[in-house]
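Notes follow once the structure below has been shown.
The values are calculated or read from the model by the stated rules, or taken from the named source; none is laboratory data. Since the structure is predicted, the reported quantities are computational estimates derived from the model, not experimental observations. Here the Cβ positions follow ideal geometry from the backbone for every residue, glycine too, while neighbour counts run over all protein chains shown.
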Amino acid sequence: MHTTAHLLDCLFKPQSIAVIGASSDPHKIGGRPLAYMRRSGFALPIYPINPKQNEVQGIKAFPSLAAIGAPVDQVIVAVSSAQVPTAIDEALAAKARSIIVFSSGFADVSEAGRQTQEALAQRCRDAGVPLVGPNCMGAFSAASGMYATFMTALEHELFAAGHVGIVSQSGAIGSYLYGLAGDRGLRFSHFVATGNESDIDVADCIEWMAQDTDTKVVMAYLEGSRNGERLRQALRVARQHRKPVIVMKVGRSEQGAAAAASHTGSLAGADTVYDAILTESGAWRANTLEEMVDLAYACSIAPLPKGNRLGMVTPSGGAGVISADAASQCGLVLPTLPQHLQEAIRAIVPFSSPINPVDTTAQTIADRSMFTRILEHVVAWDGCDMVLSFNANVGRSEAEFAKIRDAYFALRQAHPQRLIAMSMRARPEVVEQLQQHGILYFSDPARATMVLGAMAQLGRNLAQTPELAVSTPAASPLPAGVLDEAAARDLLQSQGIPFAPQIVATTADAAAAAADVLGYPVVMKVLSADIAHKSDVGGVVLNLTNAEQVHSAWHSMMERVSSRAPTARLEGALLSPMVSGGVETVMGVVRDPVFGPMVMFGLGGVFVEIFKDVVFRSAPVTLATAHDMIASIQGLPLLQGARGKPAMDLDTLAHALVKLSVFAAQHANALDGVEINPFIALPKGGYAVDALIHKSAQSQ
């Protein structure tokens, strides 16, 4: 993989192209690039390589690259897998600056194929030549007419150049997305389908498009990643350039993840971790191709809003309700119009409802100018960041649309930073006019509202200043061997994470003495490095109020645990005072195989795996990110003081999360995971009660 984006200039902007395996049949894989570039008017040299023909599709052919006698910038390889190594050697000898391999039969079919693929990629890396593929559909740059691809969608339409980039790990999905998005009105700057990703991957291409002045927005179809840090870096670059990246990451289900892994050979990673990476990087994760297309369409035409305030103008109260419902789901607010605006609107239509949504009533159907005058008041108001109007069937009639067209276009020109969208049924030529003037079009007001909500979130993401990196000073190695709860507690407490007072006891008498010291009531937990979830084996006894109860609980607990976990080594018990009046939360660390250590926070206790109200972020986190994590869980109202209960000390929670995340980053390769469950948040302060540390195999 190449971390310097300009190395991909020769992929997307080659000065000459040779096709090894060029075919006279424009429908064959080796013939399509030539056919497409002839149609598009690609003006730079094209060299078909075919030792059996003197001419291919009307272009002079050559028996080999060496026979050309001129520099070749890019080489497309469209031969059998057995011939690919020779073709790549020939391309490297000819000093090619980029290579695209269409051919399959490598990591996509066998381990032997994977080894051959890696050897070829290494040769290219050693030569400093980017390799796309093998088993890929190739790339194109529409403005230059460079179509180094066999994409079937191009048989049907070669769209004019535009400002949307497509990066896809799947050639078939990439091709379909080109057609689907093209039908929606999108036009494209660049396209690449990365195939087996032996060298160049999705992250490399996202980073290049993020810095490309012809690309306003990037759509990426992602099945998995082998290098999480490269993907992070690419998304960071896009954020720095305020370039929206819309990602459809598939593999949410176990079946989907398995299919993705078998398709690309990449690690799917935990889906919740991909969610976290995309969120913290400022990208948008789309659930469907249509959602991706809708959002890319909007971002390529209109400015991102500066906030989440929506103004809605409609002649129908029903459409306003639909939009308001959708707004509540996607984080938009509909601020009430100030009194002077309400009076101005009533002066135009006395029986209107000028609150927001603004219902102009059916009176404006007879006089469309009343509607546009009301719309002008809302668009000009600084209290909203975007305006959506519902216009029913106006766009189906050229005569009716003409009554509002000029007013809309004038508003667009007068308020270039205000996002304006219309929802109605419309003829294609009407939609095209709207797009040309930077006005978004949707047939469904709910769908329009959801897209505006996504744009608002993207706007917030890209407007944020990246946080400074958290310092992670060098730390001593973890203690040798398996760590029991007492050892885990001591280690984490030394990092500054507060724990409830605790005493280790090895006999019933010692447990009773410890309880006397701690003060009643106490909780007693079995101590064993072999038992991760103590409550599952009856290894936790709560609310012990005197020494006699401690004695009795000791013997019954040890007998119960021995019966349910007969192979576990029992080292004694931990005693702590009962902590009341708080909220149980969970903090943890997991080491993702793709992205490394991730810190987790959520509601805790025995139901954490049932409700799964947790959030992940890359370790280490800043204090601000820790507070964002806390604020993002659904159970936040419990921490803020629901039903008259006092609010919990969120600062203590956030500081503990930061300490845990730094510990995780310091020991990234030595840890498989850490779990503090529960960490009890209190109105003042808070305490970790239970802790586990799972060391990685190499650090045992």
Of all residues in the stretch 369-392, count the ones that are more than 12 Å from Thr314 (Cα to Cα) and either of a type in the set (S, T, N, Q) or touching a residue at least 24 places away in the same chain (Cβ under 8 Å) (or both).
11
Out of curiosity, is Ser576 among the hydroxyl-bearing types (Ser, Thr, Tyr) and in contact with a strand residue (DSSP E or B) (Cβ under 7 Å, 6 or more places away or on another chain)?
yes
Which pairs turn up if I take residues in the stretch 133-151 that are without any contact (Cβ under 8 Å) to a residue 60 or more places away in the chain and look for partners that are in a loop (DSSP other than H, G, I, E, B) and of a type in the set (Lys, Arg) with beta carbon separation below 7 Å, at least 6 apart in sequence or on another chain?
none
If I filter the stretch 597-611 for residues that are among the charged types (D, E, K, R), within 20 Å of Asp536 (Cβ to Cβ) and free of Cβ contacts under 8 Å to residues at least 60 places away in the same chain, do I get at least one hit?
yes
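Residues are listed down the side, and each one gets a yes or a no for (1) crowded, with 19+ Cβ neighbours inside 10 Å; (2) polar (S, T, N, Q); (3) within 23 Å of Arg427 (Cβ to Cβ); (4) touching a Lys or Arg at 6+ places or on another chain (Cβ under 7 Å):
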| residue | (1), (2), (3), (4) |
| --- | --- |
| Pro303 | no, no, no, no |
| Leu310 | yes, no, no, no |
| Pro315 | yes, no, yes, no |
| Asp325 | no, no, no, no |
| Ala344 | no, no, no, no |
| Val379 | yes, no, no, yes |
Filter result for Ser552 (in contact with a Pro (Cβ under 7 Å, 6 or more places away or on another chain) and part of a helix (DSSP H, G or I))
no
Looking only at the stretch 200-228, which residues are among the charged types (D, E, K, R), surrounded by fewer than 24 Cβ atoms within 10 Å (Cβ to Cβ) and either at pLDDT 95 or above or touching a helix residue (DSSP H, G or I) at 6+ places or on another chain (Cβ under 7 Å) (or both)?
Asp212, Asp214, Lys216
Which residue pairs have Cβ atoms under 6 Å apart, sit 6 or more places apart or on different chains, and have a first residue in the stretch 11-36 that is under 17 Å from Val84 (Cα atoms) and modelled with pLDDT of 95 or more and a second that is among the aromatic types (Phe, Trp, Tyr) and buried (at least 18 other Cβ atoms within 10 Å of the Cβ)?
Ala18/Tyr47; Ile29/Phe102; Ile29/Phe150
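Yes/no per residue for (1) over 18 Å from Leu570 (Cα atoms); (2) in the same structural domain as Val689 (by TED's automatic domain parsing); (3) crowded, with 17+ Cβ neighbours inside 10 Å; (4) among the hydroxyl-bearing types (Ser, Thr, Tyr):
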position	(1), (2), (3), (4)
Thr506	no, no, no, yes
Asp509	no, no, no, no
Leu518	yes, no, yes, no
Pro521	yes, no, no, no
Checked the stretch 92-118 for anything over 25 Å from Tyr221 (Cβ atoms), outside any loop (DSSP other than H, G, I, E, B), in contact (Cβ under 8 Å) with a residue 24 or more places away in the chain and small (Gly, Ala, Ser); matches are Ala93
Based on this model, can you work out whether Ala486 counts as small (Gly, Ala, Ser), outside any loop (DSSP other than H, G, I, E, B) and closer than 29 Å to Ser281 by Cβ?
no
Checking His6 against (1) at pLDDT 95 or above; (2) surrounded by fewer than 22 Cβ atoms within 10 Å (Cβ to Cβ); (3) not β-branched (Val, Ile, Thr), the condition it does not meet:
(1)
Matching residues in the stretch 463-483 - criterion: being surrounded by 12 or more Cβ atoms within 10 Å (Cβ to Cβ), touching a Lys or Arg at 6+ places or on another chain (Cβ under 9 Å) and either polar (S, T, N, Q) or within 16 Å of Asp385 (Cα to Cα) (or both):
Ala463
Taking interchain pairs and intrachain pairs at least six residues apart, which have beta carbon atoms under 9 angstrom, with the first residue in the stretch 434-463 and at positive phi and the second among the basic types (Lys, Arg)?
Gly438/Arg412
Quick check, is Phe188 farther than 26 Å from Arg114 by Cα, surrounded by fewer than 24 Cβ atoms within 10 Å (Cβ to Cβ), modelled with pLDDT of 95 or more and in the same structural domain as His27 (by TED's automatic domain parsing)?
no
Residue tally, condition in a loop (DSSP other than H, G, I, E, B) and either in contact with a Phe, Trp or Tyr (Cβ under 9 Å, 6 or more places away or on another chain) or over 24 Å from Leu542 (Cβ atoms) (or both), over the stretch 570-596:
6
Output the residues belonging to the stretch 238-264 that are among the hydrophobic types (A, V, I, L, M, F, W, C) and either under 23 Å from Glu111 (Cα atoms) or modelled with pLDDT of 95 or more (or both).
Ala238, Val245, Ile246, Val247, Met248, Ala257, Ala258, Ala259, Ala260, Ala261
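For (1) modelled with pLDDT of 95 or more; (2) in a loop (DSSP other than H, G, I, E, B); (3) within 24 Å of Ala414 (Cα to Cα); (4) in contact with a Leu (Cβ under 6 Å, 6 or more places away or on another chain), each residue gets a yes or a no:
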position	(1), (2), (3), (4)
Ser369	yes, no, yes, no
His377	yes, no, yes, yes
Gly383	yes, yes, yes, no
Asn393	yes, no, no, no
Could you list, in sequence order, all residues of the stretch 514-539 that are among the hydroxyl-bearing types (Ser, Thr, Tyr), under 15 Å from Asp484 (Cα atoms) and touching a residue at least 60 places away in the same chain (Cβ under 8 Å)?
none
Residue in the stretch 42-53 that is among the charged types (D, E, K, R) and either crowded, with 24+ Cβ neighbours inside 10 Å or closer than 23 Å to Glu155 by Cα (or both) present:
no
If I ask for residues that are more than 26 Å from Asp367 (Cα to Cα), out of contact with any strand residue (DSSP E or B) (no Cβ under 7 Å at 6 or more places or on another chain) and part of a loop (DSSP other than H, G, I, E, B), which ones from the stretch 290-337 would you list?
Leu304, Lys306, Gly307, Gly331
Would you check if Ser494 is surrounded by fewer than 16 Cβ atoms within 10 Å (Cβ to Cβ), in contact (Cβ under 8 Å) with a residue 12 or more places away in the chain and either within 15 Å of Leu692 (Cβ to Cβ) or not hydrophobic (A, V, I, L, M, F, W, C) (or both)?
no
Given the residues Ser225, Ser189, which is the only one that is more than 17 Å from Gly282 (Cα to Cα) and touching a His at 6+ places or on another chain (Cβ under 6 Å)?
Ser189
